[in-house]
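The values are calculated or read from the model by the stated rules, or taken from the named source; none is laboratory data. On a predicted model such as this, the values are computed, not experimentally measured, just so you know. Neighbour counts are summed over all protein chains in view; Cβ atoms, including those assigned to glycine, are modelled from backbone coordinates with ideal geometry. Side chains included, ligands, DNA and RNA excluded: accessible areas come from the protein's heavy atoms. Shrake-Rupley method; radii C 1.70, N 1.55, O 1.52, S 1.80 Å.
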Amino acid sequence: MAVSPLAPARPSNTGRAALLAVCSAAALVLLTGVFGLLPGPLTLAVGVGVAGLCASAYLVHAALDIHHADGTFVACRGAGFVGMGALATALTALIPWWSPPHAVLWLTAGLGVAAGCYVLGAALLPNAARTWPIRLRRGFDGLGLGVSLGYAAYLIPPDGQTRPAALPALLITAGGVSIVTVVVLRARPRPVPTVWCGCGAAVVLAALAALAEVLALGLTGPAVPLLGLAMVAGLAAAAGGGSRRGLPVPPAEPRSPDQYLASYPLLAVPAVVGVAAALWHLVTTRHFDAGGIVFGMVMVSVLVLRELLVVRDIRRYAGRLRIAEAHFRSLVAGATDLTLVLDDRLTVRWQSPAAARLFGLHDNEVVGRAFGDLIHPEDAGDALAVIGSVLAGEHEGGPPVLVSARLRDGSQLWRDTESTISDQRAVPEVAALVVHVRDVGERRHLERTLHRMAYLDQLTGLANRRALMRDLLAARRRPGGPGTLLVIDLHGLAEVNDTHGRAVGDAVLTEVARRLRALSGGEDVPARLAGDEFAVLTPESAVPAYALATRLVSALAEPCQLPGAQVRLHTSVGLAELAGAAGPEEVLRQADLARQRAAQLGRDAVEWYDPDVELHLQRRMELERQLPGAAARGELDLVFQPVSDLRDGHPAGVEALLRWRHPALGTIRPEEFLPIAAGLGITDTLNEWALNDACRHLRNWTGGDDDFWVSVNVGPRELLTARFPEQVRTTLRRHAVTPERLVVEVAQTWIAEDVPAVVAALAGLRRLGVRAALDDFGSSQTSLTHLRRLPVDMVKLSAELAGAEAGKPVLDVVVGLAKRIGLDLVAKGLETPEQIERVLAAGCRYGQGTALVPPAPAERIEAYLETHRADRGS
């Protein structure tokens, strides 16, 4: 459990009320003595004794409370000793009523004990003095004053009578009151309760000394109870002040306590008092007795000793001052800031020694000149305005004012500086403006370097993504201004890095950046977003921005001539208008979506963003997410399109076509999901599934027709793998299908990329007995010599070649060549009877298309085959 801190000890209101009640009762008792109702010594004994005992108990109780609150005796000793002084006062007040022999001596002894307790209590009160050396020094100061006052009392007795019996009491009182006075006046800060306690103690001591004089003179009457009233008042004040603690104290004066230890007034006051008393005695008596001479020598000795202490203090302070000055000089000389002192007219009155080392400025070049002459003309107006506000007091009480300006150095060069202006005119020793000048040139250079690193691409020097987003935000804030963001993606950079190395790749990026700069306008911002992704922010509207995009595509498509290499890249560019998005990030996202759509459309394409683009991309992302698990979920399916003999219409085989039956999106054609599969790297998985399912259906359709075949499409990645022939062998064995009934179709569009590898792969399939077909022949510029080199058994003519009248000469050439080398020809894409007649007349034996039989599921194909078998059997 947490324990709350103890609150500062304060006397309770009940105790203070009891003290006031007792002191009031004591005053009433003493008043009875003043008016002669009771004997004076008796009222003194009762009144002062009871008040002293009550004050002593009150102070001792307060001291114990302070001790319990702080857990130490340090803070409670002052109240305790003042309480002991009150107790000694109470006992001393009994002496006149007791009337023992040598009563004055007894009273003097009690006075001495009380004085000692009051002196110690005052010295130990809070804020009176912090260390014993300071307490002793103040006690000695008070003793000097007391000796002088005692000497004066000795030399100037009232009525010219000597009172040797009361003199010791007077001397003790003079010393005690003087010490208490000095201690209280020296307290810094000086709380009011401490003053009350000191005044009360002084009143009590003075009353006791007066009581000793009264007893020595043998006086009676109201004098004794009147002195008792003074004692009661002093006890009440001492008890009330000595017991107070934890109260707010006045603010400390901004002076060092050492100044009070070595001040001359404490030496001058005792000397003046002593000299005045001696002169008075010399004028009135004209001689000094032995006691006066001894007393004077004691006083002089004390004053001489006090002066010696003052001299020692002065020397110590002078030594400290020299050390402080040396430290100041070394600090200023070795500082990294230049310090200038300006007067009210902003004239330089002093500069630190570091000026020559830091700025190459000498005193004769700076001192006496106006500070504004050192400032760059472009910065002088603002800097002098800030300094003028300091002179006007607008920043009074606040931190030093910062001024950034360029200052001229000794080499007549301008330095970037920061200056703090401190108004020290209120300090008498300074009475000027103090300017601390710091050279921030290196920092500013570093800031500019960091800015370049933060907002520029380090390889190309173009703006980076952060800078582009900043400029995008600024462009959107321009009222009414159009703007367009172009995002450019490079295709082929990864192959450049793999083939030629990253150094060549970096050179290509640098060349791309150069071309972007060359084509960009003055207000355009070319930027590099990522490794192979760039952007251009232009303030132009839609039509000029699209024209810029087409120019960029054309320029970047030009080959990059590099040492030892020629690199050709392709691009995709997406555009988005700044006004069509909610923020910079949204603009960039829209342009990037348009760029992705352009990449799907083909190389070197330019695409604008519109909501349909985003919907298409969202569909693509959904397909990318679900396609890898489509086979496991049973969503893949095959449809089959028969290949018919054009002479009699009987089916010779079927082509297996892959379909994705999506539960939410419906049937998805391979033209849409196969590029996604290629991007995901799962094309081989889909082809393996299609091969297995096609062979399974072929086994089920076998009905005595061993020449009926099925063809499957195979991509380059799968065909060129080493395990593909073994995979085909395993699938054929699993479904008990003879190899001759399987045809592997390869598209001619990618054969030219690596003809030897394709020849080797097809030769491996032929060794298994599997036939191969060259698909879509005639859709691109494939050399006819490939027909002789490739180990294929069938050629499937493209729809453009088979169906167009203009392609008849080429068709005749291909048919003639195929017949000579023994290849079967299949005309694809036959949609009209005219096309069928045309290819049949050209010599094609087989045909495929909707004009013959459209693609159908396996069940319908099975029924179709049964029908033809029945017709053939009949």
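Is it true that some residue in segment 467-474 is among the small types (G, A, S), over 25 Å from A542 (Cα atoms) and out of contact with any strand residue (DSSP E or B) (no Cβ under 7 Å at 6 or more places or on another chain)?
no
Among what's in segment 321-345 and is open to solvent by less than 100 Å² (accessible area, probe 1.4 Å) and at pLDDT below 75, pick the residue that is farthest from F359 (Cα to Cα).
Result: S330.
Determine the pairs where a residue that is open to solvent by less than 30 Å² (accessible area, probe 1.4 Å), located within segment 681-710, has a partner that is at pLDDT below 90 and hydroxyl-bearing (S, T, Y) with Cβ atoms under 8 Å apart, the partner being 6 or more residues away or on another chain.
F708/T702
What's the number of the condition D416 fails, among (1) open to solvent by 60 Å² or more (accessible area, probe 1.4 Å); (2) more than 20 Å from T347 (Cβ to Cβ); (3) not aromatic (F, W, Y)?
(1)
Can R443 be described as modelled with pLDDT of 85 or more and open to solvent by 30 Å² or more (accessible area, probe 1.4 Å)? Even if it seems obvious, please write down each step before you answer.
Values: modelled with pLDDT of 85 or more: no; open to solvent by 30 Å² or more (accessible area, probe 1.4 Å): yes.
Answer is no for this residue.
Conditions (1) within 21 Å of V746 (Cβ to Cβ); (2) outside the structural domain of A772 (by the TED database); (3) of a type outside the set (S, T, N, Q), marked per residue:
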site	(1), (2), (3)
Q641	yes, no, no
D648	no, no, yes
V654	yes, no, yes
L674	yes, no, yes
L691	yes, no, yes
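Enumerate the pairs (first residue in segment 556-574 and over 28 Å from A542 (Cα atoms) and β-branched (V, I, T); second residue anywhere and part of a strand (DSSP E or B) and open to solvent by less than 30 Å² (accessible area, probe 1.4 Å)) with beta-carbon separation below 8 Å, excluding pairs fewer than 6 apart on the same chain, so at least 6 apart or on different chains.
Pairs found: V567/C560.
Return the residues of segment 596-610 that are assigned to a helix (DSSP H, G or I) and open to solvent by 30 Å² or more (accessible area, probe 1.4 Å); say none if nothing qualifies. Give the steps one after another, and end with the answer.
Let us first name the residues in segment 596-610 that are assigned to a helix (DSSP H, G or I), namely 596-601.
Within segment 596-610, Q596, R597, A599, Q600, L601 qualify.
Taking L732 and the conditions (1) surrounded by 14 or more Cβ atoms within 10 Å (Cβ to Cβ); (2) modelled with pLDDT under 90; (3) not polar (S, T, N, Q), which numbered condition does it fall short on, given that it satisfies the others?
Just one mismatch for L732, condition (2).
Testing G397 on (1) surrounded by fewer than 13 Cβ atoms within 10 Å (Cβ to Cβ); (2) in a helix (DSSP H, G or I), one condition comes back false. Which one is that?
It fails just one condition, (2).
Say whether the condition of being in contact with a strand residue (DSSP E or B) (Cβ under 6 Å, 6 or more places away or on another chain), surrounded by 13 or more Cβ atoms within 10 Å (Cβ to Cβ) and not aliphatic (A, V, I, L, M) is met by at least one residue in segment 307-318.
No - not one qualifying residue is present in segment 307-318.
If you check every pair at least six apart or on different chains, which have Cβ atoms under 8 Å apart with a residue in segment 421-445 that is in contact (Cβ under 8 Å) with a residue 40 or more places away in the chain first and a residue that is among the basic types (K, R) and open to solvent by 50 Å² or more (accessible area, probe 1.4 Å) second?
Partner pairs satisfying both residue conditions: A432/R349; A432/R425; L433/R425; D439/R415.
Residues of segment 469-506 being in a helix (DSSP H, G or I) and of a type in the set (S, T, N, Q), which ones?
Within segment 469-506, N497, T499 qualify.
Please find, among V304, V367, the residue that is in contact (Cβ under 8 Å) with a residue 12 or more places away in the chain and among the β-branched types (V, I, T).
V367
Any idea which of (1) open to solvent by less than 40 Å² (accessible area, probe 1.4 Å); (2) at pLDDT 90 or above; (3) not aliphatic (A, V, I, L, M) is the one R771 doesn't satisfy?
Of everything listed in (1) open to solvent by less than 40 Å² (accessible area, probe 1.4 Å); (2) at pLDDT 90 or above; (3) not aliphatic (A, V, I, L, M), R771 misses just condition (1).
I'm trying to understand the selection: among the residues of segment 313-354, which are part of a loop (DSSP other than H, G, I, E, B), closer than 29 Å to A392 by Cα and not hydroxyl-bearing (S, T, Y)?
D343, D344, R345, L346
Just name the residue that is nearest to the chain's Cα centre (by Cα) out of those in segment 419-432 that are surrounded by 10 or more Cβ atoms within 10 Å (Cβ to Cβ) and over 16 Å from F371 (Cα atoms).
Selected residue: Q424.
So for segment 744-753 (the condition being modelled with pLDDT under 90, not in a helix (DSSP H, G or I) and not small (G, A, S)), does at least one residue qualify?
First pass over segment 744-753, keeping only residues modelled with pLDDT under 90: 746-753.
Subset that is not in a helix (DSSP H, G or I): 746-747.
Still in the running and not small (G, A, S): 746.
Within segment 744-753, one or more residues are modelled with pLDDT under 90, not in a helix (DSSP H, G or I) and not small (G, A, S).
Mind listing whichever residues of segment 545-582 are in contact with a helix residue (DSSP H, G or I) (Cβ under 8 Å, 6 or more places away or on another chain), in a helix (DSSP H, G or I) and within 20 Å of R517 (Cβ to Cβ)?
Matches in segment 545-582: L548, R551, L552, A555, L556.
Looking at (1) touching an Asp or Glu at 6+ places or on another chain (Cβ under 8 Å); (2) closer than 30 Å to A383 by Cβ; (3) not polar (S, T, N, Q), which one does L450 not meet, given that it meets all the others?
In the conditions (1) touching an Asp or Glu at 6+ places or on another chain (Cβ under 8 Å); (2) closer than 30 Å to A383 by Cβ; (3) not polar (S, T, N, Q), L450 misses (1) alone.
Among the candidates L468, L450, which residue alone is modelled with pLDDT under 85, within 30 Å of F534 (Cα to Cα) and under 32 Å from the mean Cα position of the chain (by Cα)?
L450
Give the residues of segment 819-859 that are without any contact (Cβ under 8 Å) to a residue 12 or more places away in the chain and either buried (at least 18 other Cβ atoms within 10 Å of the Cβ) or of a type outside the set (A, V, I, L, M, F, W, C) (or both), sorted by residue number. Walk me through it before giving the result.
Step one: list which residues in segment 819-859 are without any contact (Cβ under 8 Å) to a residue 12 or more places away in the chain, which gives 820, 822, 834, 837, 841, 859.
Of everything in segment 819-859, those that are without any contact (Cβ under 8 Å) to a residue 12 or more places away in the chain and either buried (at least 18 other Cβ atoms within 10 Å of the Cβ) or of a type outside the set (A, V, I, L, M, F, W, C) (or both) turn out to be R820, G822, E834, E837, E859.
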